[in-house]
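Report on one structure; see the data block that follows.
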Amino acid sequence: MASSSNDPLDFINNSAGIQSGSQADLVQLLLYEIIRVKELITYYDSIPNGGGQLGSSILNELVSEAYNSLVNYDTVLMQKYYDLLLNCD
């Protein structure tokens, strides 16, 4: 099967990430934020003595709900979770 040259996940492999001037759609932006927050979850999980357990569980719940909004293609929820994930540190 030949691969399509218009891969919607191509931005993940792009080392520059999403450019601010690009016409990336909400799905791509949300996927990018999910990936970024999953890296934060790994950081919170690595904090000794369970110090990051609360933060990790909250971020896991946000990521889970963001995935659900993608699966259901609920654009209102996708925008909501994009905004929430965008502000996660």
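The values are calculated or read from the model by the stated rules, or taken from the named source; none is laboratory data. Values in this document were obtained by computation on a predicted structure and should not be read as measured data. Neighbour counts are summed over all protein chains in view; Cβ atoms, including those assigned to glycine, are modelled from backbone coordinates with ideal geometry.
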Quiz item: Counting only residues that are exposed (fewer than 13 other Cβ atoms within 10 Å of the Cβ) and not in a helix (DSSP H, G or I), which one in region 52-89 is modelled with the lowest pLDDT?
Solution: D89
Quiz item: How many of the residues in region 20-35 are modelled with pLDDT of 50 or more and of a type in the set (S, T, N, Q)?
Solution: 1
